[in-house]
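Notes follow once the structure below has been shown.
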Amino acid sequence: MNQPLLKIEGVHKRFTRKSGLVMQGIDRLTGRPSGSTVHALSDISLSVTEGEVLGLVGESGCGKSTLGRIISGIYTPSDGEVFLKGAPVARKRGNNVEKLTTKVQMIHQDPFASLNPRMKVGETIAEGPRIHGIVKANAVRARVRSLLQQVGLEAAYADRLPHQFSGGQRQRIAIARALAMEPELLVLDEAVASLDVSIQAQVLNLFMDLRRELGLTAIFISHDLSVVRHVCDRVAIMYLGRIVELASAEELYARPLHPYTKALFASIPKLGAGRGSFQPIEGRSLAAQPAEGLRLSSALSDGRTEMQNGAAAPETGGSRQRAGGMPPQRRRHRRDTENGGSMIEFSNRIAEINDILCAVNMLQWDARVMMPAGGAATRGQQIATLKAMARGLLLDGATEETAEAVLASNATERNRRAAEAVLSARKWHMSVPPELLKRQDENLDHRRACLGQGAGGRRFQPVPAAPFRNRDAGAANGRRHRL
Amino acid sequence: MTKALDVRGLTTRFETRSGDVTAVNNVSFSVERGRIMGLVGESGSGKSVTGFSILGLVEEPGHISGGEVLVEGQDLRALKPEALRKLRGSKVAMVFQDPMMTLNPVLRIGDQMAMAVRVHENMSKRAAWERAREALEIVGIPAAGERLKAYPHQLSGGMRQRVAIATALLHRPAVIIADEPTTALDVSIQSQILAEVRRLADETGTAIVWVTHDLAVISSLADDICVMYAGRIVERGTAEDVIAAPRHPYTVGLIGSVPSLHEPGAHLPQIPGSTPQLANLPSGCPFRPRCPRASDLCATEPPLIETGSHSVSCHRPMEAP
Ligand SMILES: Nc1ncnc2c1ncn2[C@@H]1O[C@H](COP(=O)(O)OP(=O)(O)OP(=O)(O)O)[C@@H](O)[C@H]1O
Ligand SMILES: Nc1ncnc2c1ncn2[C@@H]1O[C@H](COP(=O)(O)OP(=O)(O)OP(=O)(O)O)[C@@H](O)[C@H]1O
Ligand code: SF4
Ligand code: SF4
Ligand SMILES: [Mg+2]
Ligand SMILES: [Mg+2]
């Protein structure tokens, strides 16, 4: 019996959300307690043997990425431990997490944002091994060439920039970069989710080939049950931060035992199974219950404040893309002396971006996105920016360059628009004047009375023909809020 | 039977920095009452632009350069902008991927739905509110009366998408165009919405165009399927025919690359190459550089070959079964 390569023992992860000013305002407005704790993972124990591929499946927000990040040493668990070959993968140093191994490598969903656009692909691949002394300096070039070939790209591509590649090719490059570190464990977080079906097949084939050649061990996170079935040996089904079922893929797909697993399998439309072949998970969707009082649901924060008994919504609108593979990030609050308001400087903190998005939704006509130099942005720009962020386009410090590269390339219009929004977002600040936060407390009716009045800039129109409100308003100001 | 929606030769072009692109190229299809038409294709194939073009909502630098869009026999393209605006939301409605494109975040659901009703119909606020409640019930929202008093942010993503669909339903439109409305939702929520939508088409007779890139979703929801590639419809037929017996090499490749149809761990058949750039398509068949069946003939425009309700635009399609 192989000794397990990876061992996870009793891992819990709690996130404490300290409310920023905007959220405090909303908390007050809605009567929700400020600063709540999310129990993202509860008592996870499992082990993975060498050469095994373990799938992690579950609905959005169930904690897959959080577990992936803990395994990769990006987060530390609140309780419990993670060992790779008997040694811990990370440890806590004050407020920072110190990664103790380079032998676990993570591959993210978005091949577009995870590569530095200014760096030649070959350099990107060589960077890690060079820093960590994995390859001798004079052998680096040869290593890069062989890695590129291994992932099915031409060795000569080493001198190109990321924007010269398609999504599928970029994902190959991301895989090459991870392999360059000679990892013992790969964590793939929705690694094929953003690819078109025909391209997805290419990347899955590559993964399976590499696995055969290198005997890779991997954690494969996906919401796509058919993909998981295809590449995994064992599968863990997660629900609200717990593993509810764990079995060999064959066993699990043939005989799911847990009621949730059964419902999940039944609810997935299958190709060729004929019309109406799926069974919705009935009304049980926790989100389907009437809002209790004014407690905000998932989209607002993550509604998971009281998770016991599964009493909160597991579903966050659009969060599948949004939450995919975000590195730990940060947000800064700052005094905006000029405005006398509080300012949130956008960085790439996705959890908070939900908050910001919702704050903007709620404060709609008052929140202003400002460029440092002055010049208030239009509503359309604000929304486009926030959406770009919410969709996870702001992944790391390199995003700005990525966006520039996208603009310089002949990218699709959609990507170009997103890139424009991202570029603006990097420079903007959202400022909410303090008197507004006070006003929020007064009442919502008052807010409604404010519609169409606020100060400066373009006003938000009260719904005429609802389904087309934004389209028509968009037409008026020459832009469409679609990303 | 008059068709709820009949699109003929619709063509939409964009003038971009990298030259003119034809995002929707001579697209024709029709949908009968109570039927769901799935429009599938990969990213950039022109699905959304087709949807927007049907509603006349194409913006600069794009313009619709040809074709007809008949809704219950009436040509939307011949209407004046004002008349067209009246029709949108009442006779044809659209549902987007992001429900917040439809919902006003600062108004209660009921207020905004009632307002939407009263834009098109002269009725009391109370009656409008009642109509909104019915619409919410149709899309399977429990405690609809309660929900009307909620603000959009108080609902989950799935719930908001239902509200957006319900809003589209308010005037009992003949046609709903739904652009990837479940793509951002979780699978379990998606399946609930799909079930409601199916029921809705069956019960209300609304014709639905469901835009998606997800073959599995469309095969379990739609009656008919149009497959788009590089702005054209390359194959069209009943869902059963297209999924079980695809004739266009692209459709064959697309369906073949779905893992669930293969033994676990097996090598997946893959379409070589990458999705095309509209700005530099080859002459003749746009799929030519990636097509395993391509021959010299394919450098010329492929013919439309029809067998019954199944049609395919290809020089050398797979044999009809
Ligand atoms: N950095 C963070 N700060 C606060 N809460 C967080 C953070 N990261 C994750 N969470 C919360 O933990 C829970 C689990 O999130 P996680 O991203 O692991 O879900 P997931 O299963 O990967 O979902 P998806 O399929 O949408 O990617 C969610 O409620 C999320 O909001
Ligand atoms: N405003 C625009 N300006 C220029 N080109 C555009 C514009 N909008 C769309 N296009 C082009 O039209 C083509 C079709 O785009 P469309 O949005 O319809 O794709 P889609 O099939 O909906 O893709 P997805 O699955 O990614 O939503 C794309 O190549 C796109 O670049
Ligand atoms: S409610 Fe009971 S039967 Fe159902 S999943 Fe939970 S423990 Fe199992
Ligand atoms: S026309 Fe030719 S190239 Fe195009 S799909 Fe048919 S066989 Fe292939
Ligand atoms: Mg995730
Ligand atoms: Mg689209």
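When the stretch B:204-218 is limited to residues that are within 23 Å of A:A193 (Cβ to Cβ) and open to solvent by less than 10 Å² (accessible area, probe 1.4 Å), the one that is farthest from the chain's Cα centre (by Cα) turns out to be B:V217.
Being modelled with pLDDT under 90 and either more than 16 Å from ligand 1 (Cβ to nearest atom) or open to solvent by 20 Å² or more (accessible area, probe 1.4 Å) (or both) is a description that applies to B:R17. Restricting attention to the stretch A:158-167, report how many residues are within 14 Å of chain B (Cβ to nearest Cβ) and assigned to a helix (DSSP H, G or I). Looking only at that region, the number is 3.
Which members of the stretch B:175-203 meet the condition of being closer than 14 Å to B:I218 by Cα, more than 10 Å from chain A (Cβ to nearest Cβ) and surrounded by fewer than 22 Cβ atoms within 10 Å (Cβ to Cβ)? Across the stretch B:175-203, the qualifying residue is only B:E180.
Residue-wise test of (1) out of contact with any Phe, Trp or Tyr (no Cβ under 7 Å at 6 or more places or on another chain); (2) open to solvent by less than 30 Å² (accessible area, probe 1.4 Å); (3) farther than 30 Å from A:L54 by Cα.
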{"position": "B:S220", "(1), (2), (3)": "no, yes, no"}
{"position": "B:V252", "(1), (2), (3)": "yes, no, yes"}
{"position": "B:I255", "(1), (2), (3)": "yes, yes, no"}
{"position": "B:P264", "(1), (2), (3)": "yes, no, no"}
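Condition (residue is touching a residue at least 12 places away in the same chain (Cβ under 8 Å) and of a type in the set (G, A, S)) applied to the stretch B:80-87: is it met by at least one residue? There is no residue in the stretch B:80-87 that is touching a residue at least 12 places away in the same chain (Cβ under 8 Å) and of a type in the set (G, A, S).
If you scan the stretch B:126-142, which residues turn out to be within 14 Å of chain A (Cβ to nearest Cβ), part of a helix (DSSP H, G or I) and under 17 Å from B:R160 (Cα atoms)? Those that are within 14 Å of chain A (Cβ to nearest Cβ), part of a helix (DSSP H, G or I) and under 17 Å from B:R160 (Cα atoms): B:A132, B:R133, B:A135, B:L136, B:E137. Please verify whether B:V92 is at the interface with chain A (Cβ under 7 Å from one of its Cβ atoms) and of a type outside the set (G, A, S), treating the condition exactly as stated. Spelling it out, it is not the case that B:V92 is at the interface with chain A (Cβ under 7 Å from one of its Cβ atoms) and of a type outside the set (G, A, S).
Would you mind finding the one in B:T238, B:T251, B:T300 that is more than 26 Å from the chain's Cα centre (by Cα), modelled with pLDDT of 95 or more and not acidic (D, E)?
On inspection, the qualifying residue turns out to be B:T300.
Strands (runs of 3 or more DSSP E) fully within the stretch B:220-321 that include at least 3 residues being more than 9 Å from every other protein chain (Cβ to nearest Cβ) and in contact (Cβ under 8 Å) with a residue 60 or more places away in the chain: B:224-229, B:232-238, B:310-313. Within the stretch A:226-255, the residues that satisfy the criterion of being surrounded by 22 or more Cβ atoms within 10 Å (Cβ to Cβ) and modelled with pLDDT under 90 are A:L240, A:G241.
Against the condition within 27 Å of B:H213 (Cβ to Cβ) and more than 16 Å from ligand 1 (Cβ to nearest atom), how does A:A273 come out, does it pass? When the stated conditions are applied, A:A273 passes them. Based on what the data block shows, is A:I131 crowded, with 18+ Cβ neighbours inside 10 Å and either over 23 Å from the mean Cα position of the chain (by Cα) or in contact (Cβ under 8 Å) with a residue 24 or more places away in the chain (or both)? When the stated conditions are applied, A:I131 does not pass them. Among the residues making up the stretch A:52-66, those that are of a type outside the set (S, T, N, Q) and either within 16 Å of ligand 4 (Cβ to nearest atom) or modelled with pLDDT under 95 (or both) are A:V57, A:G58, A:E59, A:G61, A:C62, A:G63, A:K64. The residues listed here are A:G86, A:G94; of these, the one that is more than 16 Å from ligand 1 (Cβ to nearest atom), more than 25 Å from A:H223 (Cα to Cα) and at pLDDT below 80 is A:G94. More than 26 Å from B:D6 (Cβ to Cβ) and not in a loop (DSSP other than H, G, I, E, B): does that describe B:V211? Considered against the rule, which asks whether it is more than 26 Å from B:D6 (Cβ to Cβ) and not in a loop (DSSP other than H, G, I, E, B), B:V211 comes out as no. Residues that are under 23 Å from B:T204 (Cα atoms), within 16 Å of ligand 2 (Cβ to nearest atom) and in contact with a helix residue (DSSP H, G or I) (Cβ under 8 Å, 6 or more places away or on another chain) number at least 1 in the following helices (runs of 4 or more DSSP H) confined to the stretch B:32-125: B:47-54.
Among the residues making up the stretch A:168-205, those that are open to solvent by 10 Å² or more (accessible area, probe 1.4 Å), assigned to a helix (DSSP H, G or I) and at the interface with chain B (Cβ under 10 Å from one of its Cβ atoms) are A:Q169, A:V197, A:I199, A:Q200, A:Q202. Checked against (1) open to solvent by less than 10 Å² (accessible area, probe 1.4 Å); (2) within 14 Å of chain A (Cβ to nearest Cβ); (3) under 24 Å from B:R13 (Cβ atoms), B:V27 passes all but a single condition, namely (2). In this entry, A:A87 is excluded by the filter for residues that are touching a helix residue (DSSP H, G or I) at 6+ places or on another chain (Cβ under 8 Å), farther than 16 Å from A:K13 by Cβ and among the small types (G, A, S).
Within the stretch B:45-80, the set of residues being open to solvent by 50 Å² or more (accessible area, probe 1.4 Å) and either facing another protein chain (nearest Cβ under 10 Å) or under 20 Å from B:D224 (Cβ atoms) (or both) comprises B:E60, B:P61, B:E68, B:E72, B:G73.
The values are calculated or read from the model by the stated rules, or taken from the named source; none is laboratory data. None of the values given here were measured: they were computed from a predicted structure. Cβ sites come from the backbone with ideal geometry, for glycine too, and all protein chains shown count toward neighbours. Just the protein is used for accessible areas: all its heavy atoms, side chains included, with ligands, DNA and RNA removed. Shrake-Rupley method; radii C 1.70, N 1.55, O 1.52, S 1.80 Å.
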